[in-house]
1. Say we look at the stretch 214-229 and pick out the residues that are hydrophobic (A, V, I, L, M, F, W, C) and farther than 17 Å from ALA180 by Cα; which of these is modelled with the highest pLDDT?
2. Between ARG457, ARG450, which is assigned by TED's automatic domain parsing to the domain that holds GLU365, at pLDDT 90 or above, under 30 Å from ALA399 (Cα atoms) and not in a loop (DSSP other than H, G, I, E, B)?
3. Under 18 Å from VAL346 (Cα atoms) and not assigned by TED's automatic domain parsing to the domain that holds GLY345: which single residue out of ASP24, ASP13, ASP42 fits that description?
4. Name, by its number, the condition in (1) over 30 Å from PHE440 (Cα atoms); (2) touching a residue at least 40 places away in the same chain (Cβ under 8 Å); (3) not aliphatic (A, V, I, L, M) that does not hold for SER49.
5. Tell me which strands (runs of 3 or more DSSP E) are completely within the stretch 335-429 and hold 1 or more residues being polar (S, T, N, Q) and surrounded by fewer than 19 Cβ atoms within 10 Å (Cβ to Cβ), or say none if there are none.
6. Counting only residues that are in contact with a strand residue (DSSP E or B) (Cβ under 6 Å, 6 or more places away or on another chain) and surrounded by fewer than 16 Cβ atoms within 10 Å (Cβ to Cβ), which one in the stretch 301-321 is modelled with the lowest pLDDT?
7. Scan the stretch 346-369 and give yes if some residue there is touching a helix residue (DSSP H, G or I) at 6+ places or on another chain (Cβ under 7 Å), closer than 21 Å to GLU447 by Cβ and in contact (Cβ under 8 Å) with a residue 60 or more places away in the chain, otherwise no.
8. Report the residue count in the stretch 332-370 for those that are touching a Leu at 6+ places or on another chain (Cβ under 7 Å), small (Gly, Ala, Ser) and within 21 Å of GLU411 (Cα to Cα).
Amino acid sequence: MKALLMHRDRDFDEDQPLPWNTSDMTQDLDLKTLLRAMAGDDKFLFEVSRKVLLCGARNDIETVRYRQEVLKDCLQNPEVIHELYAIVVDTLDRTRKQTWGITSHYPSSVLYSATDLLETLTVMLRKLRDTCLAHASKFRSEAFQALFTMLAKELTDEYLAAIQDHLTISRFRKGTLMSAQLGQHNESTSLVLRKAPDRKQKWFERLLRKRPPGYTFELHERDETGARIFGEIRHRAISKVAVALAESADHVVSFFQMLRTELAFYVACTNLYATLLDKGERVCFPTPVPAGERNHHFRKLYDVCLSLRMEQKIVSNTLDEDGKDLVTITGANQGGKSSFLRSVGVAQLMLQCGMFVGAEQFEGELCSALLTHYKREEDASMQSGKFDEELSRMNQIVAHIGRNAMVLFNESFAATNEREGSEIARQIVTALLEKRVRVFYVTHLYEFARGFFEKRREDALFLRAERQPDGSRTFQLSVAEPLETSYGEDLYREIFEEVDEAISSPPISRIPATAD
């Protein structure tokens with residue numbers, strides 16, 4: 001049995017490695033805020049959501065669409081999804097306490113533990129099946145329909161009753177019947193476990209039934225050696241049954257474990273969805289486009305992570321950048337540039353793993369990899385200067401990048417002077433564009449931005465953070481040419497005017513009188 005809620009034809013790979021740049025992406029895009037909203041205090045939900053989110057670049061467009069349909073069902077029936085998840089978690093909690101004997105070296109211990117475990121799993125499979133069938137009419141996605149059909153077909157009442165009968169027999173409460181042959185040295189060989197005789201016959205029928213000729217003997221209750229020998233013979237006879245039951249139990253447990261993993265992602269998505277809706281934010285299911293088509297436009301896209309950290313609603317942006325490989329963002333300090341860049345990156349991750357995005361409408365192409373190159377504050381752990389550290393990270397990106405990847409730059413190469421930083425940025429971005437890599441670049445390097453603007457490239461778009469005449473920010477971006485100033489004096493004036501006011505109006509304090 002397979003859940004197949006994440007892929008149409010295979011289980012989700014829990015052991016797949018995370019991308020090499022997981023740490024940078026988590027820091028640059030503030031993904032911990034997003035993951036905490038999805039998982040709360042549940043570490044398992046957190047880890048599953050983290051792996052699904054960060055490994056999304058490996059999905060093809062059919063997988064994205066497949067998951068979107070599953071998630072739509074989940075968002076329409078959140079109570080059912082949480083109920084199914086609770087059943088699965090409860091099942092695994094119960095079975096975890098019953099698996100100790102399966103690892104024993106003694107077949108009898110393996111047999112009894114596997115039998116107990118399978119009895120518990122049979123009860124929980126029936127509960128899972130009944131819950132699914134009770135709500136099957138509410139689900140429309142291919143994945144859930146296939147899961148419910150499989151459970152109904154494979155787990156019929158007759159089948160579950162037959163399992164219970166076999167498990168009852170496997171306990172051998174009335175003794176173990178087996179046959180054997182004598183070997184060369186009179187050792188027992190060809191041990192075969194036999195089905196016990198039918199005990200439903202009336203007593204006189206059993207009395208009159210012709211028995212095959214044979215000999216019987218009984219062990220003395222104090223014959224420890226004989227008991228040990230017969231115990232060893234019994235172990236050999238039941239070993240195959242014990243192994244078969246243990247493998248069956250392991251198979252069913254594996255099904256519940258995978259179902260838990262795949263349901264966990266959708267449970268986390270419903271948590272995030274409910275949180276954003278409670279804040280009054282918009283969400284939509286994005287339209288995925290195959291890599292290389294350069295379709296990328298959205299309406300009212302906002303930074304989901306910033307929204308989760310703030311009380312008020314977040315300013316959104318609307319943009320059509322179809323056919324563009326380079327988007328350069330300049331403009332006023334504290335004008336919303338970094339927030340916009342983060343909104344693009346987070347939306348791309350959510351798109352590629354099959355989630356909804358924080359926007360009113362979104363259409364975007366899949367990328368082969370998402371990479372970030374943000375400025376870093378200098379710290380004691382750095383073994384070289386900030387500029388050397390930036391170049392080192394850029395070297396790692398170049399080593400892992402490929403066609404149709406997306407790179408987000410935020411104030412990169414600003415640790416050196418304007419001319420040198422602009423030239424390095426120009427050469428790097430030009431090389432990336434030649435390799436069909438999409439670039440979003442937030443920068444204050446005017447020479448760099450102006451140089452690309454004057455080339456009038458058809459594949460380049462230039463955005464600028466808006467600033468009102470009075471110096472206030474709208475936190476929205478508009479299509480506009482780069483300006484030579486980023487209005488840092490606004491921040492200087494805002495900060496130091498407050499300081500000047502505080503200095504010019506010191507608090508009045510009374511000096512207590514003292515006696516000589």
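1. This residue is LEU219.
2. Details: ARG457 fails: not in a loop (DSSP other than H, G, I, E, B).
Answer to the selection: ARG450.
3. Numbers: ASP13 fails: under 18 Å from VAL346 (Cα atoms); ASP42 fails: under 18 Å from VAL346 (Cα atoms).
After applying the criteria, what remains is ASP24.
4. (1)
5. Counting at least 1 such residues, we get 361-365.
6. Per the criteria, the residue is ASP320.
7. No, because not a single residue in the stretch 346-369 is touching a helix residue (DSSP H, G or I) at 6+ places or on another chain (Cβ under 7 Å), closer than 21 Å to GLU447 by Cβ and in contact (Cβ under 8 Å) with a residue 60 or more places away in the chain.
8. Residues meeting the conditions: 5.
The values are calculated or read from the model by the stated rules, or taken from the named source; none is laboratory data. Remember, it's a predicted structure, so these values are computed and weren't measured experimentally. Backbone-built Cβ (ideal geometry, glycine too); neighbour counts: all protein chains shown.
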